[in-house]
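I have placed the structure first, in the form of structure tokens, so that the comments after it can refer back to it.
The values are calculated or read from the model by the stated rules, or taken from the named source; none is laboratory data. Just so we're clear, the structure is a prediction, and the values are computed from it rather than from any experiment. Cβ atoms come from the backbone with ideal geometry, glycine included; neighbour counts cover every protein chain shown. These area figures cover heavy atoms from the full protein model, side chains too; ligands, DNA and RNA do not enter into them. Shrake-Rupley method; radii C 1.70, N 1.55, O 1.52, S 1.80 Å.
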Amino acid sequence: MSRTILYKLTLVGLKSNLLAFLVMTTTYAATDWKPVESPLNTVWGESIDPENVHQEYPRPQLRRDEWRNLNGLWDYAIIGEEGLWTKGRLQNAIDDPFLKGDPMPPADWDGKILVPFSPETGLSGVGKTLRPGQILWYRRTIKKPADWSGKGVQLNFEAVDWHAIVFIDGVRVGEHKGGYAPFSIDISDALEEGEEQELTVAVWDPCNMGDQSIGKQALVENRIGFRYTPNSGIYQTVWMEPVSATRIKRLKVSSDLSENALLVEPIVVGDDSSSVKVTVSTENQELVTATGKAGELLKVVLEDPHLWSPNAPFLYDVEVSLFSGHDAVDTVRSYAGIREIARGPDARGNERILLNGKPIFQYGPLDQGYWPDSALTPPSDAAMLYDVEYLKEIGCNMVRVHIKTHPRRWYYHCDRLGLLVWQDFVCMRKFEPNITDAAAAQWKQEQREMMDALYSNPSVVMWIVFNEAWSQFDTPENVKWVSEYDPTRLVSNASGWTDFGVGDIHDMHDYRFSPTVMVGKGLNGRAALIGELGGHNVYLDGHLWPSAKPKEIKDEPVNDNRRETYRDGAHWLERYTPFIQQLSLLQRYGCNGAVYTQISDIEHECNGWLTYDRKVKKIPSDLLRKLHDRLYRSFEEDTIFDKAHSEIRYATGEAPVGWLAADFDDSGWKRFRTGTDLAANESLLGEDDGQRTLIRARFDMPEQTSKEIGLRLVGHGEITIYLNGKLIKKLSNQVFGGYEEPQVVPATAFALHEEAKMALEDEKNILAIEINPVAPKRGYSEPDQSVLRKYTLLDVELVTFN
């Protein structure tokens, strides 16, 4: 980011903080509030100041000079039945209590709540769970500053979960449904000049008993699997700003590399005959201007522009002024990055993700955005920044935001520091079988608002419409809608095992130590990647949530287990090294990226690089960066043998006695066919569907090699691998998907572990592979035994690499 943007943001923040302090209508003593004791605390939560919480300007891409931060201590009350929820699931379009009319405010208030933290969190000072039969109320006073006289006022909420109704002096001024996107209410007509007035907000949030976008929140009585503390009410910044009747509501900023242009579309409220001027500059040097009518798409051509990328996240300053005649009625400042995300084939026919026309391998974590003392709200802007800087520090170039959204300032940090973002849509209840038309329409509205809020962030390069089968519905139609609504980004139809063959991405989730990526004609020209993998556990005393139950150590180089568990960070590093080597080897088969689960521990999950409180880095950052850097560079490899090797033979049926031995006579076995087209899924062994397959490969080791050795395989089945008679690996290559007849094949790779290397001979060696066929699975369902696996093995390759 240019120094200009940083300087302006700092000045705006300081000015706002000072003015907000001067016009505070109520001052709270320290005794009015204290945090609820939490099992774990972050350093930012431990130093929280209720009079100075989240004071930074919350909307970095549409900035006005004047604003008032309304975070701080508010009155609160929770009205309704306490206790566990026993009344079953709800349909929001029928069961929302606000449908009966506006709720009555409480006669008595329960105490103080620290906004913007939800009542379920320690930092709120409340520590109570909102139940589906309850209503949460907020109250504070506001006053229109004298220097805003004659101007309208807009009240902004960065996020409220879920249905909020807003009142000024008891009069309804607006409402909003949706827990993960910002919204604004024009309160101009409700405010009196110079008068102190009462602002109240009523919130209903059915949590995971409702059919709204919920993500991973769950009431404790329904919290099974990967679910966490719920998050109700106001949980991001609340603020207000002066506005004119004709104003810029939103900016849509993108870029066109073919014309070296920024594309700026101001969305205007009010007089649609007004005109617009766009000025692009850098380092306080004006570069170019463009003018047009309100609502038009303006093309701003730059000479020899700097492109935005993770390695060079260059941002231009953008100022947009709105004119009524010759008078400027509104001016906003923003920023923009010029970049293009696309896909295209490489020389081997693999579809690649392209950033600015060049292939880019992407690696980073699953980011669920949870904090032990504040749930889905970061305890401070510095805490948010810590996570982003940490990912850059360890060599990640990407992060997947998992079925939630962050505050807009988090995306701003990704923009200026250079971190690609894959953004999940927020799902409804997991495995919801009965999605009503009303619930589907509400879901779509919430996702549209999210896309609008993040449209101009250059770091956001992919929308992920569904996570696995979590409330997945009308997938082809929804993917088409998203692709047409925002053609500037890639679209993944589903991250996980319910692929419908549409969109730009084929995404596999695989938590085995040696994961797979898919090849084959079922990709339909899409780019393949691994949307979740890893999940390796390290439990550190003193940094565990009460529900975290340490598992037994599981570290087996031969058996390909899911989610291994290690003694400590040093033990994990020993296994993480070959884990990363595998991803390097898989790139040859078209793997475009991978998402490690996850950046930090979360409650009962202890598979993060960081502990939940962010106080311990389980593996030193410099060591992680060294490993991750190898994923982005070409590395030398030499083929020991591949499928064209004349000494590879196969047979089907029962394994004969002694077939692993070097002197076994396999002259009667068939030759491994060469020239197989992986993209077309041409079967090597199609005539032997449903039978066990045995493969033997004779090879000589290169003399005095000090390189690592890797084995790559493409094919289905329960695979057992022997080297000179010694068992070295057991794999289960399986397809999970939504096809009637899956047309993709798993490709996997692994680096030979030390015991396997010890089995090598200086000269003649025998690699033997036994493959038992498997039937495809549909998501989590049982294998369909009526469908035989046609593609037992398509490719095998042994290589040395640096």
**OP:** Take the alpha carbon atoms of the stretch 238-390, find their radius of gyration, then divide it by 2.2 N^0.38 Å using N residues; give the quotient.
**Re:** 1.30
Subject >> Residues of the stretch 233-273 with amide N under 18 Å of a point placed 7 Å along Cα→Cβ from Glu303 >> reply: 259-262
Original post:
What is the stretch 521-611's relative contact order, in percent, from Cα pairs under 8 angstrom and six or more apart in sequence?
Top reply: 46
**OP:** Would you mind pulling out the separation of the Cα centroids of the stretch 577-648 and the stretch 497-512, in Å?
**Re:** 19
**OP:** Could you check the simple spin-label distance between Trp481 and Glu703, using points 7 Å along Cα→Cβ, in nm with one decimal?
**Re:** 6.7
Original post:
Where a Cα-Cα gap under 22 Å defines reach, which lysines qualify for Lys100, not counting those fewer than 8 residues away within the same chain?
Top reply: Lys87, Lys177
Original post:
According to a simple spin-label model (label point 7 Å from Cα along Cα-to-Cβ), what is the distance in nm between Ser646 and Glu193?
Top reply: 9.8
Original post:
So how tilted is helix 475-485 from the main axis of the chain? Cα-based, degrees 0 to 90, rounded to 10.
Top reply: 60
**OP:** Would you grab the residues whose amide H sits under 5 Å from the one on Gly127? Only those 5+ places off in sequence or on another chain, please, with H modelled 1.01 Å from N.
**Re:** Thr121
Original post:
Separation of the stretch 248-276 and the stretch 183-201 by C-alpha centroid, Å?
Top reply: 30
Original post:
What shape does the stretch 406-496 take by its C-alpha gyration tensor, where a ≥ b ≥ c are the square roots of the eigenvalues and a/c under 1.5 counts as rounded, a/b above b/c as prolate, and the rest as oblate?
Top reply: prolate
Subject >> Phi-based couplings in Hz for the stretch 633-642 (Karplus 6.51, -1.76, 1.60; Gly and Pro marked x) >> reply: 10, 5, 10, 6, 9, 10, 7, 7, 7, 9
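Please work out whether the stretch 36-169 counts as rounded, prolate or oblate from its C-alpha gyration tensor, where a ≥ b ≥ c are the square roots of the eigenvalues and a/c under 1.5 means rounded, while otherwise a/b larger than b/c means prolate and anything else oblate?
Note, shape of the stretch 36-169 comes out oblate.
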**OP:** Work out the length of the dipole vector of the stretch 28-168 about its Cα centre, built from +1 on the beta-carbon of each Lys and Arg and -1 on the beta-carbon of each Asp and Glu, and round it to the nearest 20 debye.
**Re:** 420
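Summing +1 for each Lys or Arg and -1 for each Asp or Glu, what net charge is found among the other residues whose Cβ lies under 12 Å from the Cβ of Glu755?
+1
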**OP:** Once you have the Cα-Cα distance between Val36 and Lys615, take 0.36 nm times their residue separation minus that, and quote the gain in nm to one decimal.
**Re:** 206.4 nm
Subject >> Packing rank of 658-670, 381-393, 349-361, 593-605, where each peptide gets the mean count of other beta carbons within 10 Å, highest leading >> reply: 593-605, 381-393, 349-361, 658-670
Subject >> Charged-residue dipole, Cβ positions (Lys, Arg, Asp, Glu), the chain about Cα centre, Debye nearest 20 >> reply: 580
Original post:
Taking the highest mean first, how do the peptides 462-470, 707-715 order by number of other beta carbon atoms within 10 angstrom per residue?
Top reply: 462-470, 707-715
Original post:
Hey, what angle do you get for helix 569-586 against the long axis of the chain, alpha-carbon based, 0 to 90 degrees rounded to 10?
Top reply: 70
Subject >> Inverse of mean 1/r across different Cα pairs in the chain, Kirkwood, Å >> reply: 28.5
Subject >> Cα shape, the stretch 328-396, gyration tensor, a/c 1.5 rule >> reply: oblate
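Hey, what's the Kirkwood Rh for the stretch 557-676 if you take every pair of different alpha carbons, in angstrom?
18.5
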Original post:
Which of Gly233, Val714, Met209 sits farthest toward the positive end of the charge dipole of the chain, with +1 on the Cβ of Lys and Arg and -1 on the Cβ of Asp and Glu?
Top reply: Val714
Subject >> Spacing of the two label points (7 Å from each Cα toward its C-beta) at Glu81 and Glu51, in nm >> reply: 4.3
**OP:** Express the accessible area of the stretch 203-272 per residue in Å², computed with a 1.4 Å probe while the remaining protein chains stay in the model.
**Re:** 29
Original post:
Helix-derived [θ] at 222 nm for the chain: sum -39500 (n - 2.57) over DSSP H runs of at least 4, divide by residue count, nearest 500?
Top reply: -4500 deg cm²/dmol
Original post:
What fraction of the DSSP beta bridges in the stretch 469-619 is antiparallel, stated in percent and rounded to the nearest 5?
Top reply: 20
**OP:** Set the Förster radius R0 to 22 Å, insert the Cβ-Cβ distance between Val220 and Trp109 as r into 1/(1 + (r/R0)^6), and round the FRET efficiency to 0.05.
**Re:** 0.30
Original post:
Cα axis of helix 408-417 to longest principal axis of the chain: angle in degrees, 0 to 90, nearest 10?
Top reply: 50
Subject >> Extension gain from Lys151 to Arg562, taking 0.36 nm per residue of separation minus the Cα-Cα distance >> reply: 142.0 nm
Original post:
Mind listing the phi-derived Karplus ³J(HN,Hα) values for the stretch 648-655, rounded to whole Hz, using 6.51, -1.76 and 1.60 with θ = phi - 60°, and x for any glycine or proline?
Top reply: 9, 10, 9, 8, 10, x, 5, 6
Original post:
Contour minus end-to-end for Ala441 and Ile553, with contour as 0.36 nm per residue of separation and end-to-end as the Cα-Cα distance?
Top reply: 35.7 nm
Subject >> Among beta bridges that DSSP assigns inside the chain, antiparallel share in %, nearest 5 >> reply: 80
Subject >> Within straight-line cross-link reach of Lys617, lysines at Cα separation under 16 Å, skipping those fewer than 8 residues along the same chain >> reply: Lys392, Lys626
